[in-house]
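Trainee: Supplied in structure tokens, the structure appears directly below.
The values are calculated or read from the model by the stated rules, or taken from the named source; none is laboratory data. Values in this document were obtained by computation on a predicted structure and should not be read as measured data. Here the Cβ positions follow ideal geometry from the backbone for every residue, glycine too, while neighbour counts run over all protein chains shown.
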Amino acid sequence: MAEGRVAVGDINILVVDDCSTSSLLVKHQLIALGAKASNITCVTNTQAALLAAKTRFYSFLVIDYHLAEKYTGLDLVHLLSRAQLISDTTAVLMISSDATKETVLTALSSSGRVRHLLTKPLQTKALYTKMLQALQEQQHIAAVTKRLLASQPLLLSDVILLHETHASSICVESLIIDTLVERRDYTLLEDYLPLCCQKEHASKVCATAFLLHHQGHISEAVKVLADYVTRNPLCLAAIDSLIGLYESLGQQRHALCLAKRAFSLTPSNGSRFLSASRITAKLGLFEDLYELGRTYAAHLSQTDAQWLNVLSSYVDLVSDHFKTLTHIHTKRKVLVQLNELCLLTQKQLGKEQQVNLLAFKQLMQCKLLLVESRAAEAHLKLLESLSYFYDIPTQMPIALLKQALPLLAFFGEFSIRRSLLGVINQSCSSVRLQECNIVPHEYDYPFSVETKLNALAAPDQQYHSNSESVVNFLKQRALPPNWSRWLSDYLSGSFSSQIPEPFSYHITDRE
């Protein structure tokens, strides 16, 4: 399909709607608009859509937002993108019989892949207009994105050429502006903005405020955004920028008002959830903080790759509050709230994700027990958390690994830490963490499994007198597989004096 021209009869179209009658109606409308019946595939669920996309490339997707399952249409788009079953030229039209603000804004603001939405029943003329617009825009955006990535460094002449080639496209103009903001190319942005169209749009307004903020004119930047948000109260991009400016000025109440508004309109958005939670915690509004957590957990999407990171950051905010408490009943209330958060989250997740949640919960409890100076119990929780991934350590999510590493160092479990460090350094090339080549001693690390195993293996039997208590301690811990086998050999009277590595595995790339 050549850039700038759309031949409806030549493209493959996938229609996803849990109502077969509705999808059949859309198919007939598409045929009436020139699409070939043989090029249109209709499915009624997420799994069928994924299977269809594995056997055929689709240039245009028509997806119902509310599917009759845990997944939404937006979740399906995320799954298709993550599996690389759609390309950067694939256009998406979301359809829904629900035209509420939450549905519209979540569909259009949570993913750069979705820019168009129609309410059902679809009007054939409106469908045709949206289809052409979506296909043409996606072609232009894909082409411009490729050229922007190829232009390093980006020059004003490059930007002017792209701008003149797509002079009538607000989407392309927004893409160029957003790219300059992301690269923090202040000089080029300042030169480009005067060349933009006269029409006011979110990217242009946010970029103007971005430049003013960079120049130290924070109050002027706030005024620009605040005026725009007043006229466009549902523009989430402008609201997000304004929240940050209010925070920088210490105007937390203004920031919270907007943060709650943005989150209420997109309750599955982790970034907006954390923004609202952070400001709420700063203001000491902890009942509101718990309510925000419940709302996010109830709307959490299992296709959100960042859900563990989001929950970790939220729990850190709650934990900081927990550290300040002195009364048992107030502490218990916090623990109840966190437990409720985990229960609500569990309902939204798939089976494998629920395992990650269980491990996360154990780590959370480990940290809280340390706050209470209950180190023995905290150590138990730490090893229990890791035990979910003992068979295949490479399957432990990076978000959990990063939390576990400092705790392992704290307890003197340096061998386990070194093994897991290999996992994180291999799996996450952008993060390189250094090993701690430390041999722990029992007087420094009284709960370290490593020190107790070394004590049992010591040839001079210096711990022979209390070996029974050491063995009982180890039996109560969830030991890594190789250490568990070594302890069994020790108890049977046949064991090596050399403690093995905790795991036996080969580091492979994560799926």
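Trainee: Here is a list of conditions, (1) farther than 21 Å from Glu352 by Cα; (2) within 21 Å of the chain's Cα centre (by Cα), and Leu308 meets all of them except one; can you say which number that is?
Mentor: Unmet for Leu308, out of (1) farther than 21 Å from Glu352 by Cα; (2) within 21 Å of the chain's Cα centre (by Cα): (1).
Trainee: State yes or no: is Glu164 among the charged types (D, E, K, R), assigned to a helix (DSSP H, G or I) and either surrounded by fewer than 14 Cβ atoms within 10 Å (Cβ to Cβ) or at pLDDT below 90 (or both)?
Mentor: Numbers: among the charged types (D, E, K, R): yes; assigned to a helix (DSSP H, G or I): yes; either surrounded by fewer than 14 Cβ atoms within 10 Å (Cβ to Cβ) or at pLDDT below 90 (or both): yes.
So Glu164 passes the test.
Trainee: I'd like the residue in segment 313-328 that is touching a residue at least 40 places away in the same chain (Cβ under 8 Å) and surrounded by fewer than 17 Cβ atoms within 10 Å (Cβ to Cβ) and, out of all such residues, is farthest from Lys260 (Cα to Cα). Lay out the reasoning, then the answer.
Mentor: Going residue by residue through segment 313-328, those that are touching a residue at least 40 places away in the same chain (Cβ under 8 Å) are 314-315, 317, 319, 321-323.
Keeping just the survivors that are surrounded by fewer than 17 Cβ atoms within 10 Å (Cβ to Cβ) gives 319, 321, 323.
On the way: Ser319: 21, His321: 20, Lys323: 25 Å.
The qualifying residue farthest from Lys260 (Cα to Cα) is Lys323.
Trainee: If you don't mind, there's one more thing I want to ask. Among the numbered criteria (1) crowded, with 20+ Cβ neighbours inside 10 Å; (2) under 30 Å from Gln353 (Cα atoms); (3) in contact with a Leu (Cβ under 8 Å, 6 or more places away or on another chain); (4) of a type outside the set (Val, Ile, Thr), which single criterion is violated by Asn45?
Mentor: Every listed condition holds for Asn45 apart from (1).
Trainee: Would you confirm whether any residue within segment 272-281 is over 12 Å from the mean Cα position of the chain (by Cα), modelled with pLDDT under 95 and not polar (S, T, N, Q)?
Mentor: In the first step, residues of segment 272-281 are kept if they are over 12 Å from the mean Cα position of the chain (by Cα); the result is 275-281.
The next check asks that each one be modelled with pLDDT under 95; those that pass are none.
Checked segment 272-281: no residue is over 12 Å from the mean Cα position of the chain (by Cα), modelled with pLDDT under 95 and not polar (S, T, N, Q).
Trainee: Let me ask another. Assuming Tyr128 fulfils every condition listed in (1) of a type outside the set (A, V, I, L, M, F, W, C); (2) in contact with a Gly (Cβ under 9 Å, 6 or more places away or on another chain); (3) part of a loop (DSSP other than H, G, I, E, B) apart from one, which condition is it?
Mentor: For Tyr128, the failing item is (3).
Trainee: State all residues of segment 250-269 that are in contact with an Asp or Glu (Cβ under 8 Å, 6 or more places away or on another chain), part of a helix (DSSP H, G or I) and surrounded by 23 or more Cβ atoms within 10 Å (Cβ to Cβ); if no residue qualifies, say none.
Mentor: Ala255, Ala262
Trainee: Hey, among the residues in segment 228-249 that are outside any helix (DSSP H, G or I) and under 17 Å from Thr106 (Cβ atoms), which one's modelled with the lowest pLDDT?
Mentor: Taking segment 228-249 first, the residues outside any helix (DSSP H, G or I) are 232-235, 249.
Within this subset, residues satisfying the condition of being under 17 Å from Thr106 (Cβ atoms) are 233-235.
Details: Pro233: 92, Leu234: 88, Cys235: 91.
The extreme case among them is Leu234.
Trainee: In segment 382-426, what count of residues is obtained for those that are touching a residue at least 60 places away in the same chain (Cβ under 8 Å) and β-branched (Val, Ile, Thr)?
Mentor: Count: 4.
Trainee: Considering each residue of segment 335-345, count those that are touching a Lys or Arg at 6+ places or on another chain (Cβ under 9 Å) and of a type in the set (S, T, N, Q), and give that number.
Mentor: Narrowing segment 335-345 to residues touching a Lys or Arg at 6+ places or on another chain (Cβ under 9 Å): 337-342, 344.
Then drop every residue that is not of a type in the set (S, T, N, Q), which leaves 337, 339.
Of the residues in segment 335-345, 2 are touching a Lys or Arg at 6+ places or on another chain (Cβ under 9 Å) and of a type in the set (S, T, N, Q).
Trainee: Next question. Only residues that are within 22 Å of the chain's Cα centre (by Cα) and modelled with pLDDT of 95 or more: list them for segment 39-75, please.
Mentor: Within segment 39-75, Leu50 is the sole residue that qualifies.
Trainee: Looking at (1) surrounded by fewer than 23 Cβ atoms within 10 Å (Cβ to Cβ); (2) touching a helix residue (DSSP H, G or I) at 6+ places or on another chain (Cβ under 6 Å); (3) under 17 Å from Asp304 (Cα atoms), find the lone condition where Leu76 falls short.
Mentor: It is condition (1) that Leu76 fails.
Trainee: Looking at segment 3-65, what strands (runs of 3 or more DSSP E) fall wholly within it and have at least 3 residues that are in contact with a helix residue (DSSP H, G or I) (Cβ under 6 Å, 6 or more places away or on another chain), of a type in the set (Lys, Arg) and more than 25 Å from His78 (Cα to Cα)?
Mentor: Working: elements: 13-16, 40-43, 60-64.
Output list is empty.
Trainee: Against the conditions (1) within 29 Å of the chain's Cα centre (by Cα); (2) buried (at least 16 other Cβ atoms within 10 Å of the Cβ); (3) within 29 Å of Val77 (Cβ to Cβ), where does Leu127 fall short? Just the number, please.
Mentor: Answer for Leu127: the failing condition is (1).
Trainee: So for segment 29-39 (the condition being buried (at least 20 other Cβ atoms within 10 Å of the Cβ), of a type outside the set (Lys, Arg), out of contact with any Ser or Thr (no Cβ under 8 Å at 6 or more places or on another chain) and within 24 Å of Thr303 (Cβ to Cβ)), does at least one residue qualify?
Mentor: Scanning segment 29-39 turns up no residue that is buried (at least 20 other Cβ atoms within 10 Å of the Cβ), of a type outside the set (Lys, Arg), out of contact with any Ser or Thr (no Cβ under 8 Å at 6 or more places or on another chain) and within 24 Å of Thr303 (Cβ to Cβ).
Trainee: Oh, and also: Quickly run through segment 329-342 and pick out the residues that are out of contact with any Leu (no Cβ under 8 Å at 6 or more places or on another chain), more than 14 Å from Glu287 (Cα to Cα) and surrounded by 13 or more Cβ atoms within 10 Å (Cβ to Cβ).
Mentor: Asn339
Trainee: Output the qualifying pairs, or none if there are none: Cβ atoms under 6 angstrom, residues six or more apart or on different chains, first residue in segment 19-32 and farther than 17 Å from Met131 by Cβ, second residue surrounded by 14 or more Cβ atoms within 10 Å (Cβ to Cβ) and polar (S, T, N, Q).
Mentor: The qualifying pairs are Ser20/Thr44.
Trainee: Here are Lys381, Lys361, Lys347, Lys367: which of them is surrounded by fewer than 17 Cβ atoms within 10 Å (Cβ to Cβ), charged (D, E, K, R) and in a helix (DSSP H, G or I)? Can you show your working first?
Mentor: Working: Lys381 fails: surrounded by fewer than 17 Cβ atoms within 10 Å (Cβ to Cβ); Lys361 fails: surrounded by fewer than 17 Cβ atoms within 10 Å (Cβ to Cβ); Lys367 fails: surrounded by fewer than 17 Cβ atoms within 10 Å (Cβ to Cβ).
So the residue among Lys381, Lys361, Lys347, Lys367 that is surrounded by fewer than 17 Cβ atoms within 10 Å (Cβ to Cβ), charged (D, E, K, R) and in a helix (DSSP H, G or I) is Lys347.
Trainee: Filter segment 167-183 down to the residues that are surrounded by 14 or more Cβ atoms within 10 Å (Cβ to Cβ), over 13 Å from Arg115 (Cβ atoms) and polar (S, T, N, Q) and list them by number.
Mentor: Thr179
Trainee: Here's a follow-up. Any residue in segment 64-82 that's acidic (Asp, Glu): show its pairings with residues that are not in a loop (DSSP other than H, G, I, E, B) at Cβ separation under 7 Å, as long as the two are six or more apart or on different chains.
Mentor: Asp64/Val16; Asp64/Gly73; Asp64/Ile95; Asp64/Ser96; Glu69/Thr46
Trainee: Okay, moving on. Can you pull out every residue in segment 290-302 that is outside any helix (DSSP H, G or I) and crowded, with 20+ Cβ neighbours inside 10 Å? Let's see the steps before the verdict.
Mentor: Taking segment 290-302 as the starting set, the residues that turn out to be outside any helix (DSSP H, G or I) are 300-302.
Within segment 290-302, Leu300, Ser301 qualify.
Trainee: Moving on. Yes or no: Leu225 of a type in the set (A, V, I, L, M), within 30 Å of the chain's Cα centre (by Cα), within 30 Å of Lys282 (Cα to Cα) and not in a helix (DSSP H, G or I)?
Mentor: Working: of a type in the set (A, V, I, L, M): yes; within 30 Å of the chain's Cα centre (by Cα): yes; within 30 Å of Lys282 (Cα to Cα): yes; not in a helix (DSSP H, G or I): no.
Answer is no for this residue.
Trainee: Listed residues Gln337, Gln353, Gln346, Gln302; which is modelled with pLDDT under 95 and among the polar types (S, T, N, Q)?
Mentor: Numbers: Gln337 fails: modelled with pLDDT under 95; Gln353 fails: modelled with pLDDT under 95; Gln346 fails: modelled with pLDDT under 95.
Of Gln337, Gln353, Gln346, Gln302, the one residue that is modelled with pLDDT under 95 and among the polar types (S, T, N, Q) is Gln302.
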